[in-house]
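To start, the structure itself, in structure tokens.
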Amino acid sequence: MPKIKFSLLSIIGGLTLLSSSAYAGVDAEVSYILNTLLFLIGGFLVMWMAAGFAMLESGLVTSKSVATIAAKNIGLYSIAGLMFWLVGYNLAYGIPEGGFIGSFLPWSDASAVDTGYSDGSDWFFQMVFCATTCSIVSGTLAERIKIWPFFLFAAILTGIIYPIEMGWQWGGGWLSAAGFSDFAGSTLVHAAGGAAALAGAIVLGARTGRFGGKGEAKPMAPFAASSIPLATLGVFILWMGWFGFNGGSQLAAGTLEDVSSVATIYINTNLAAGGGVLTAAIISRLIGGKTDVVMMLNGAIAGLVAITAEPLTPSPLAAIFIGAIGGLVMYFSAKLLFKLKIDDVVGAIPAHLVAGVWGTLAVPLTNGDVSFGAQFLGTLSVVVFVFVVSLIVFQIMKATIGLRISKEAERLGTDKAEIGVIAYGIRD
Amino acid sequence: MPKIKFSLLSIIGGLTLLSSSAYAGVDAEVSYILNTLLFLIGGFLVMWMAAGFAMLESGLVTSKSVATIAAKNIGLYSIAGLMFWLVGYNLAYGIPEGGFIGSFLPWSDASAVDTGYSDGSDWFFQMVFCATTCSIVSGTLAERIKIWPFFLFAAILTGIIYPIEMGWQWGGGWLSAAGFSDFAGSTLVHAAGGAAALAGAIVLGARTGRFGGKGEAKPMAPFAASSIPLATLGVFILWMGWFGFNGGSQLAAGTLEDVSSVATIYINTNLAAGGGVLTAAIISRLIGGKTDVVMMLNGAIAGLVAITAEPLTPSPLAAIFIGAIGGLVMYFSAKLLFKLKIDDVVGAIPAHLVAGVWGTLAVPLTNGDVSFGAQFLGTLSVVVFVFVVSLIVFQIMKATIGLRISKEAERLGTDKAEIGVIAYGIRD
Amino acid sequence: MPKIKFSLLSIIGGLTLLSSSAYAGVDAEVSYILNTLLFLIGGFLVMWMAAGFAMLESGLVTSKSVATIAAKNIGLYSIAGLMFWLVGYNLAYGIPEGGFIGSFLPWSDASAVDTGYSDGSDWFFQMVFCATTCSIVSGTLAERIKIWPFFLFAAILTGIIYPIEMGWQWGGGWLSAAGFSDFAGSTLVHAAGGAAALAGAIVLGARTGRFGGKGEAKPMAPFAASSIPLATLGVFILWMGWFGFNGGSQLAAGTLEDVSSVATIYINTNLAAGGGVLTAAIISRLIGGKTDVVMMLNGAIAGLVAITAEPLTPSPLAAIFIGAIGGLVMYFSAKLLFKLKIDDVVGAIPAHLVAGVWGTLAVPLTNGDVSFGAQFLGTLSVVVFVFVVSLIVFQIMKATIGLRISKEAERLGTDKAEIGVIAYGIRD
């Protein structure tokens, strides 16, 4: 953080204020406060994304598994906070320069101030990113994974798997040294979450009857979404939260340049999401004959995920393009997953893994400092690492404590079997 | 923006700091950052209003058109961003001083900094206002307008109609020169959106059976609101977002006076909304015998819309009064629309058009610098312009591509006919 | 507010900038702006909690009383704003030092600036706390209290009862003089709201059939929660809002120390909530056999309430502990209330009153400047005062205008009887 530079500038600036530029640098303490506020405001916006995932997933699962997915989402967010404090943060940021793994120590707020911002605000901001990675997984595995084994996986993902791969880049590890670029986590967060979800979906198998006797799944009942407006609310929440996710990842707001960059990031983030919505709407209308609202919702997410790797350098038109392609790859990969009989209840793998890979590989299109080779290396490393480790963890859990609910529980619904409530008392 | 003044002040201030005021002016770069932050925070709050409209409208339509209205809301917000970039912004702000129309050029972030704030942050803030104007329209026309013609109208409204009339005032055009005053858009945004909605409702006609054989519409089934709590959530979201809408319209937070004004605006905005809620509750209880929650919700909106033309100069008592009258005019104009057999599904015309006109005309009551004549001129010009142009556009669309869904689609519901889903899987 | 100190510091700091610390104090006007922004941002986040309570309560009541609870929540928030302006603020802050009660005058924004922040922003921030106190009450009394008598009680609570006890501490009254400590209102807001709710629940009695003939209440139908996902949304909203509630209660963000404290408060608030969720999940699974999602939701609230009395001094581990115990006392007191046949529809008494008392008494565990004696005195005084006064007010209302709806209205549901709608048109 350019602390000393600003102190110098403010004195020089003071003397030359009338004769030259009116912008003469910001006092270091003011800069510290503004940087910290960016983390705090960005932090509560990204925290809010946990609610977005909870609503999206509650809306898209069938009505007999809604209370379970709500419980999983609030539970995983709670676990993420505890695990990122207990082990995650130092595993990521205690990494040696260019290294592979940090230390297994709990984070302690040393009240450090010499970074140019409150270390506590940074911890909070990083923690909510960690939680987001796990939120992505819960939707894919809904309606068939047992709740406590899911919580155990959430602890492993947020405490160990995510922090290790994230540290490779944002902790200053080997990927960072290799020239990889991922501004706010198209790969580190979204593709990683999607890769863990894919591993889980493979180990768990599909919901009973999803790819039934006739080889054709019915998109409607008995697999109808419980509430489209709640799913829509979830996507609006995610969209709002993404201004914190991408905007906060500028990591500073204490200079004219930084805060102007945050503004550009807001614009590109919004335009990319819009591009994703509209291509998904158009393609679903052209191919399927109906304007598929669920595809539009996942199109928004795909556009947001795609722009996340580089929301600063694209022009508005490029941002729309990146988001629009994000919507397209989401649409076709969703169809592919369906053909492969991989049961992704909410479509998180197409929207987060596939669009995340697209967005990361697209960075060199608008950022000349980044090479395709480094992007390919980074994406591949992170996705393979998270996928393989998750696959192993899920397999071990399956062989020991068990992962999947009983056929009887699946027939009843997880809400009655595991939570002991019905989600919508409306039905009575 | 008072850039030089502050630079001077900070030097003078530095010398006289101990002997005179402790408040000696803010460094120009800090001021720039704070102004930009106001736009960004205000911007994400107003963006959030798109979710508020989506929830309000999803809650108030019947359950067979909920997924459609969700799709329309996320679609129109996406379209607004693209169109405001492609043509809207420069149509409004490229206007000659005192003129009628700007240029048809896409906006390009010239990274301009000499306005005292990031131009990008201003674009984002203005864009979400543009989207709000369109959100108002979708609810009124629900359950009978085809989705793609609606999207086309959304593109025209957000790209052309709104930017033209908005430029008259906020772009420095002829209305601004005529002394019109509309702080945050009671007329430019809300009455305009309501006028477009009214035009659409007239061209489309009412839902089949709404003003049926007996000449009496049933407020309950088959026209029951799908979810009162979602509608309530929508209004709370709008209320929250309005702090960004009105507070951000101070356009600066880089001085003691500006940020104190934002605080006053928060207070008046909140009190006016409360006034609208309570008069709607009381009047519906007194006249109808029941405490009508939908009227309370629209009362909140009416109060918010009414205070939007001038949220800074009123005293707390005056703000309550302006909001309370807003609730009253909303209530009686809703009854009038019903008698006129104009089918406004969610009550947007009374809450946005009528309360917006009231609020704009009320500005001179608390702001001595503003004349009733100018207010009358501005309100009339904007409402007539938007209404007439929208009417023409809707009529052309009706005569060419068609506006209204088939009788069969209306019987099935737009969700099954156009989107291919049921909104609430709960029913199965 | 340390206005002069900063002015001095900035001059001294300017001279010694290169030779000593880079953090040399913030200009008084910048500090003023940042303090005001903390109140405004914190304020809209706490305002948002009103929506959280509305969703939590709409989700947890039965489907025939949902529109009523929505109307009550938006109504009480409106009333709180008006009453806190009309009488509440000066009743609290017009208190003589060490005294018992302030003046019955309306608040007037004197545009005062010599406090180091905008007085208007402070009023707004305090007003939303006042509204929160009342939101707590509505859920407990749902499904059987008449709407207009409830609004009358809301006016008395927000205009008189809450301001009086709040002034004892935050207005500089006798409790403050006695050394009591309650950072953001575990007792002043949450235990107070819970105490008023308990008084109301006792006077009103339980819902018909709740503790029916067999002496056993059925947790499921006919007392099933109308929508678990809406209740979950409500808790996520509250969680988000709590960053404003506790973070804003630092009351300043204009120095490095203040903004760093806000960051620490965010962390502790989040960890305590997570602790409450997880203990509630574990204990409900161990004792009841199911992972009770409603207990998890109230566990989050209990954790948040518990940390509110002191979110700054605890270590992360201590914050988790305080929240976890909050979840435990909530769980067991909910069971106790049930045995006592006190009908608390949403569980607000365990989550706000009991966890609030725990959190307040726990302050000396991490804050050496606070004594158990003072905490005991403060908690007891506030809870007894609010409980007794509320009990008297409810009894007078019961004996005069009537409090409880008729048996017939209860059978129909308050939505049909009082509001004249059905909340979920889905059913038709």
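The residue list A:Glu143, A:Glu165 contains one member that is among the acidic types (Asp, Glu), in contact (Cβ under 8 Å) with a residue 40 or more places away in the chain and more than 23 Å from A:Gly98 (Cα to Cα), which is A:Glu143.
Looking at the stretch B:144-157, is at least one residue closer than 19 Å to B:Pro350 by Cα, of a type in the set (A, V, I, L, M, F, W, C) and buried (at least 24 other Cβ atoms within 10 Å of the Cβ)?
no
The single condition from (1) touching a Ser or Thr at 6+ places or on another chain (Cβ under 7 Å); (2) more than 9 Å from chain B (Cβ to nearest Cβ) that C:Leu38 fails is (1).
Considering the conditions (1) over 24 Å from B:Leu312 (Cβ atoms); (2) in contact with a Gly (Cβ under 7 Å, 6 or more places away or on another chain); (3) in a helix (DSSP H, G or I), C:Gly102 is excluded by exactly one of them, (3). What is the residue count in the stretch A:314-334 for residues that are in contact with an Asp or Glu (Cβ under 9 Å, 6 or more places away or on another chain) and within 10 Å of another protein chain (Cβ to nearest Cβ)? The total comes to 2. Restricting C:Gly327, C:Gly288 to residues that are closer than 29 Å to C:Gly205 by Cβ and in contact with a Ser or Thr (Cβ under 8 Å, 6 or more places away or on another chain) narrows the list to C:Gly327.
Screening C:Thr187 against (1) farther than 26 Å from C:Ala423 by Cα; (2) at the interface with another protein chain (Cβ under 9 Å from one of its Cβ atoms); (3) of a type in the set (Ser, Thr, Tyr) leaves a single unmet condition, (2).
If you go through the stretch B:63-89 and pick out every residue that is outside any helix (DSSP H, G or I) and in contact with a Ser or Thr (Cβ under 6 Å, 6 or more places away or on another chain), you end up with 2.
In this structure, does B:Thr133 turn out to be buried (at least 22 other Cβ atoms within 10 Å of the Cβ), more than 11 Å from every other protein chain (Cβ to nearest Cβ), modelled with pLDDT of 95 or more and within 30 Å of B:Leu34 (Cβ to Cβ)? Judged against the criteria, B:Thr133 is a match.
When B:Gly179, B:Gly212 are screened for being more than 14 Å from chain C (Cβ to nearest Cβ), farther than 20 Å from B:Thr158 by Cα and modelled with pLDDT under 95, only B:Gly212 passes. For the stretch A:392-408, state whether one or more residues are touching a Gly at 6+ places or on another chain (Cβ under 6 Å) and closer than 14 Å to A:Asp182 by Cα. Within the stretch A:392-408, not a single residue is touching a Gly at 6+ places or on another chain (Cβ under 6 Å) and closer than 14 Å to A:Asp182 by Cα. For the stretch B:384-428, a tally of residues being assigned to a helix (DSSP H, G or I) and in contact with a Ser or Thr (Cβ under 7 Å, 6 or more places away or on another chain) returns 8. When residues in the stretch A:279-290 are screened for being crowded, with 24+ Cβ neighbours inside 10 Å and either small (Gly, Ala, Ser) or within 7 Å of chain B (Cβ to nearest Cβ) (or both), 2 of them pass.
Listed here are the residues, each with its yes/no results for (1) among the aliphatic types (A, V, I, L, M); (2) modelled with pLDDT of 95 or more; (3) in contact with a strand residue (DSSP E or B) (Cβ under 7 Å, 6 or more places away or on another chain); (4) closer than 30 Å to B:Trp174 by Cα.
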| site | (1), (2), (3), (4) |
| --- | --- |
| B:Tyr32 | no, yes, no, yes |
| B:Ala71 | yes, yes, no, no |
| B:Trp123 | no, yes, no, yes |
| B:Ser138 | no, yes, no, yes |
| B:Pro149 | no, yes, no, no |
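Just one residue in the set C:Phe44, C:Phe53, C:Phe84, C:Phe104 is surrounded by fewer than 24 Cβ atoms within 10 Å (Cβ to Cβ) and either of a type outside the set (Gly, Ala, Ser) or at the interface with chain B (Cβ under 10 Å from one of its Cβ atoms) (or both); that residue is C:Phe104. Remark: B:Ala374 falls outside the filter, which requires a residue to be part of a helix (DSSP H, G or I) and within 19 Å of B:Phe243 (Cβ to Cβ).
Among the residues of the stretch C:143-151, some residue qualifies, meaning at least one is not in a helix (DSSP H, G or I) and not basic (Lys, Arg).
On the stretch given as the stretch C:254-266, residues that are surrounded by fewer than 24 Cβ atoms within 10 Å (Cβ to Cβ) and of a type in the set (A, V, I, L, M) total 1. How many residues, within the stretch C:222-278, are in contact (Cβ under 8 Å) with a residue 40 or more places away in the chain, facing another protein chain (nearest Cβ under 7 Å), part of a helix (DSSP H, G or I) and more than 16 Å from the chain's Cα centre (by Cα)? So the count comes out to 14.
Given the condition more than 9 Å from chain C (Cβ to nearest Cβ) and under 20 Å from A:Ala155 (Cα atoms), answer yes or no: does some residue in the stretch A:58-69 qualify? No, the stretch A:58-69 has no match at all.
Residues in the stretch A:337-364 that are free of Cβ contacts under 8 Å to residues at least 24 places away in the same chain and under 22 Å from A:Leu56 (Cα atoms): 1 in all.
For (1) within 14 Å of another protein chain (Cβ to nearest Cβ); (2) modelled with pLDDT of 95 or more; (3) out of contact with any strand residue (DSSP E or B) (no Cβ under 8 Å at 6 or more places or on another chain); (4) closer than 24 Å to C:Gly167 by Cβ, each residue gets a yes or a no:
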{"site": "C:Leu340", "(1), (2), (3), (4)": "no, yes, yes, no"}
{"site": "C:His352", "(1), (2), (3), (4)": "no, yes, yes, yes"}
{"site": "C:Val388", "(1), (2), (3), (4)": "no, yes, yes, yes"}
{"site": "C:Thr414", "(1), (2), (3), (4)": "yes, no, yes, no"}
{"site": "C:Ala417", "(1), (2), (3), (4)": "yes, no, yes, no"}
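The values are calculated or read from the model by the stated rules, or taken from the named source; none is laboratory data. Values in this document were obtained by computation on a predicted structure and should not be read as measured data. Virtual Cβ from ideal backbone geometry, glycine too; neighbours counted across all protein chains shown.
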